[in-house]
Every structure is written in C-alpha cells, then in structure tokens.
Amino acid sequence: MERTVAAGATGPAPERAPSSEAGPAEGVTGRTHDVVGRTRDAVLPDVAGLLDGMPQQRVPVSASVVSSPASGLAGTGAGVRQIAAPRARVLSLRPWRLLPTPTGTPFTFAYAVVLTVTSLVAAYADPALVHALHQGSSTDVAHLVHTPLTVLLASGLWTAGGIVTPYTICFLLVLTALERRIGGARAAVVFLLGHVLATLATEVPVGLAVVAGHLPDSSLHRLDYGVSFGVATSIGALTGLLRPWLRWPVLALFGALLVQDLLALADPLTNWGHLIALVIGVGLWPLVRRWRAASAH
C-alpha cells in the first residue's frame, strides 16, 4: 500500500536518486563527500576563528592584546604600538647620534663649524696675523677692563692647540649629548656661564694681585683664549643628567685628570680655571634637571 507525504508534513525525506547522467561510482563519491562535509561542519561549526592558527610571520604579542581579546583591531593596534615603541628606542641608539647634526643639535653643529674655520685659519694663515687675532681675543685683565663683552665672546671662537685636541673632541661629544637632553638655547647658556664665570674667577685675582704688587704688570696681558672652560662646565652639568653608574665614574675620572694637570704646575691659572668650571657645572645640576624635565613634556 502506497503512502503519499503531503507538502509540509514531517517525516523522512525521500532519498534522492543519483542522476542518470552520472555513473555509479560518481554517485557514490558524491554522497560520500556530502556525508564527510556534513560531519566536518558538525565537528567544526565555525572555522572563522581558526584563521589565527594559520602559519604566518612570527610577531611578538604584547600582554595587553592577550588579556583583552574583545578590544579587536583597536587593541591589536595598541599592542603593536607598545611593541614598536621599545624597539624604536633601541634603534634610536645609533653611533652617529653622538655627533652634532644641523637639525638635531643646531647650536653644537654651528659652533663646531665656526671652530673648524678658526682652526684652519690658525693652522694656515700667517703666524703674525694669527698671533694678532689671538691677542685681540684674549680675556686678559687689560681687555676685560676695556672691552669685556667683545673678548669674552671672541675668546670662545678659538681652540688652543688646534682642532684635534682632547677638549675639542669633548666639545663635540659633550655638547651634543647635553643639547639633545635640554635643547640648544639651554646648552648655550650652560657653556657660556662656565666660560664667563671661570674666566672671571681666574683673571680677577690676577688683576687684584697686580694692584697689590704681588704680580708684575705683564700679567695684565696674559694670553688667554679657548673653549676649555665652557667644555669643563658642560661636562659637569651633563653628569647630573646621567645615571649614577655612569655619572660618578665620569666625574671622578675627569676630576682626577684636572687635578693631575694642576699638580704638574704647567699652567696653574688655567688648570685652576678648569676645576672651577667643573664645579660650576656640578652646581648647575638642579637647573639642568628641571630643564630636562621641561623638555620631556
């Protein structure tokens, strides 16, 4: 007896006969694929979430991305930024950043160019002309009395001993590091303060000693020029911005070298000036630290 299933009635659906155009093997294979496909869909109902498991380039995942999966793409972007920031800081430690650049450290770069020009003049110009220029730029007592501003600025345009000297190399390295931390204008203030104050601290006693009769009048025309006082002050100020494990060794080493030069009695007045300049730089620690904090914001 035949039964007819009406449309919409429940019950097992009639089995679909294989197409007459397909061979027996093809029909069996098609049914097998359907069964395997339905089984796979039942076991793996949603494969979209498994795409992250596909082999890909290894990228470190930050803790913020793992802990907040609901953040979606925004959280992933934040994690990438958190990963990129430390990596950028590591890559920023490049050796050429130790030297001045026109855009990064304009004050140090421009000053270095001026010192290079004056050093070439001192090396290749007529010796009589060079001596006259040095004498006119000297911060001796006679010039400080008559033209103090002119000689205080002009004396810092020369390097004693040429361009390749320890103080010139320290100038490039120290002024670059200081300017990168506190800015060009503030680095110039530190340098000029040391240059001016250390010069006055050494020359004013000479003038007083001449007036008191303890030194001859020729001491009023003592030849004094160069950047060493400003460099010593900059070294002292820079150490205040370094970490303690680096600050104290640098300060102790440079101070020991200055004391050694003073004990050698080669040029006591200048050597005392270097020590005074270093002390001035150390005294500027509170100021340069505030400047660095302000530059960070």
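The values are calculated or read from the model by the stated rules, or taken from the named source; none is laboratory data. Remember, predicted model here, so these are calculated numbers, not experimental data. Here the Cβ is made from the backbone with ideal geometry for all residues, glycine too, and neighbour counts use every protein chain on show. To get the accessible areas, we keep the full protein, side chains included, count just its heavy atoms, and leave off ligands, DNA and RNA. Shrake-Rupley method; radii C 1.70, N 1.55, O 1.52, S 1.80 Å.
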**Request:** Determine which single condition A296 fails, assuming it passes every other condition in (1) under 19 Å from the mean Cα position of the chain (by Cα); (2) closer than 21 Å to I163 by Cα; (3) of a type in the set (A, V, I, L, M).
**Result:** (2)
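Let's see how each residue does on (1) within 26 Å of D217 (Cα to Cα); (2) in contact with an Asp or Glu (Cβ under 8 Å, 6 or more places away or on another chain):
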| site | (1), (2) |
| --- | --- |
| P100 | no, yes |
| T103 | no, no |
| D126 | no, no |
| H134 | yes, no |
**Count of residues meeting criterion [without any contact (Cβ under 8 Å) to a residue 12 or more places away in the chain and either in a helix (DSSP H, G or I) or in contact with a Ser or Thr (Cβ under 7 Å, 6 or more places away or on another chain) (or both)] in region 121-133** = 7
**Flag for T103 being free of Cβ contacts under 8 Å to residues at least 12 places away in the same chain and not in a helix (DSSP H, G or I)** = yes
**Message:** Take the conditions touching a residue at least 24 places away in the same chain (Cβ under 8 Å), surrounded by 14 or more Cβ atoms within 10 Å (Cβ to Cβ) and in a helix (DSSP H, G or I) and apply them to T139. Does it pass?
**Reply:** no
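Every residue, every condition in (1) within 27 Å of L133 (Cα to Cα); (2) without any contact (Cβ under 8 Å) to a residue 60 or more places away in the chain, yes or no:
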{"site": "F171", "(1), (2)": "yes, no"}
{"site": "L175", "(1), (2)": "yes, no"}
{"site": "R181", "(1), (2)": "no, no"}
{"site": "A185", "(1), (2)": "no, no"}
{"site": "V190", "(1), (2)": "yes, no"}
{"site": "T233", "(1), (2)": "yes, yes"}
{"site": "W248", "(1), (2)": "no, yes"}
{"site": "F254", "(1), (2)": "no, yes"}
**Request:** Just give me the residues in region 96-119 being open to solvent by less than 30 Å² (accessible area, probe 1.4 Å) and of a type in the set (G, A, S), in sequence order.
**Result:** A112, S119
**Request:** Quickly run through region 239-273 and pick out the residues that are within 23 Å of the chain's Cα centre (by Cα) and either at positive phi or surrounded by 13 or more Cβ atoms within 10 Å (Cβ to Cβ) (or both).
**Result:** T239, G240, L241, L242, R247, V250, L251, F254
**Asked** Quick one: how many residues across region 142-182 are within 30 Å of R94 (Cα to Cα), open to solvent by 30 Å² or more (accessible area, probe 1.4 Å), hydrophobic (A, V, I, L, M, F, W, C) and touching a helix residue (DSSP H, G or I) at 6+ places or on another chain (Cβ under 9 Å)?
**Response** 6
